[in-house]
Amino acid sequence: MKVMKKQLLLATLLMATSALSTPRASAQTNTPPATPADMEAFYTSVIEKRTGDILAPLAIKDSAKSNEVFEIITRQFRIMRARDVLIDAQLEAEGKEDNYANRAGQLEAQSKPLHEYFFAQLSKLLTPEQVEMVKDKMTYNKVKVTYDAYNNIIPGLTEADKAKIVELLKEAREKAVDGGSASEKSAIFQVYKDQINDYLNAHGHDVAKAYKDWEDKQALAKKSDGPNTNPP
């Protein structure tokens with residue numbers, strides 16, 4: 001209970017910080033600048049649409065439960081935004097570039113209690129399979145997309161290879177679900193893709209050659225599918 005209260009307090013503080021902050025200024029235009037209220041309304045519409053897309057495949061029949069899950073997910077997006085404001089402010093104060101390499105340490109430390117509380121709340125309302133679906137949707141289905149790509153590109157993968165790929169991709173997903181943007185989620189997955197490539201190279205595969213062969217095949221197929229410029 002004490003841990004839960006601490007997590008709720010942290011979430012509340014982060015949300016309060018977010019309410020006092022505004023997104024980075026955009027390039028000047030001839031139109032009047034958007035007010036903080038305008039920007040907040042736009043942000044709300046974006047995360048509500050995103051949450052709706054996440055909820056859709058869950059097919060929750062109970063409207064009260066669906067609304068509660070909706071609130072939990074949208075609140076998590078707001079909390080992550082507030083967290084990012086704090087991290088970015090610290091990086092700026094330290095004169096560091098705002099990128100994943102510099103954010104990684106703080107991102108993981110600050111996200112841990114938020115991550116645990118978020119999924120604990122979801123698990124009270126959703127089945128384990130539905131929670132998995134939420135994780136996939138919050139990371140743009142990168143586990144499946146990347147797994148399918150490895151199977152298409154690397155010939156002769158064994159069942160052990162495939163199992164290792166899935167294991168590492170799910171580890172990536174567990175961290176990427178806390179990423180503050182699509183590009184940050186991709187950067188997190190890239191760290192694990194590098195580990196997968198190292199594993200495959202150490203287990204009899206030549207990943208670089210497989211990628212080159214695959215790219216050559218794609219280029220040849222594209223050339224073959226091009227318009228026929230020869231006369232009939």
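Readers should treat all values here as calculations from the given coordinates under stated rules, not as data from a laboratory. A quick note: this is a predicted structure, and the numbers were derived from the prediction, not measured. Note: ideal-geometry Cβ built from the backbone for every residue, glycine included; neighbour counts use all protein chains shown.
A few comments on the model shown:
- Scalar couplings 3J(HN,Hα) for the range 110-125, obtained by applying the Karplus form with A = 6.51, B = -1.76, C = 1.60 to θ = phi - 60°, are 6, 7, 3, x, 5, 4, 5, 5, 4, 6, 5, 5, 4, 5, 6, 10 Hz; x denotes Gly and Pro.
- Count of lysine pairs in the range 61-147 with Cα separation under 24 Å (8 or more residues apart, or interchain): 14
- Taking amide hydrogens as placed 1.01 Å from N in the peptide plane, the amide H of LEU157 sits under 5 Å from that of no residue at least 5 positions away in sequence or on another chain.
- Residue among VAL145, ALA202, LEU168 farthest towards the positive dipole end of the range 139-225, charges placed on Cβ: VAL145
- Rounded to the nearest 20 debye, the dipole magnitude of the range 173-222 is 160 debye, with +1 charges on Lys and Arg beta carbons, -1 on Asp and Glu beta carbons, and the Cα centre as origin.
- R0 of 41 Å, Cβ-Cβ distance GLU174-ALA208: FRET efficiency to nearest 0.05: 0.90
- Anisotropy class of the range 155-232 from Cα gyration tensor, a/c 1.5 cut: oblate
- Gyration tensor (alpha-carbon) shape descriptor, the range 94-219, a/c threshold 1.5: oblate
- Here the dipole of the range 139-225 is about 220 debye; that uses its Cα centre as origin and unit charges on the Cβ of Lys and Arg (positive) and Asp and Glu (negative).
- The 3J(HN,Hα) values that the Karplus relation (6.51, -1.76, 1.60; θ = phi - 60°) gives for the range 168-185 are, in residue order, 5, 5, 6, 5, 4, 4, 4, 8, 5, 4, 8, x, x, 7, 4, 5, 5, 4 Hz. Gly and Pro appear as x.
- Computed from phi, the 3J(HN,Hα) profile of the range 203-217 under the Karplus parametrisation 6.51, -1.76, 1.60 (θ = phi - 60°) reads 10, x, 10, 10, 5, 4, 5, 4, 5, 5, 4, 5, 5, 4, 5 Hz, with x in place of Gly and Pro.
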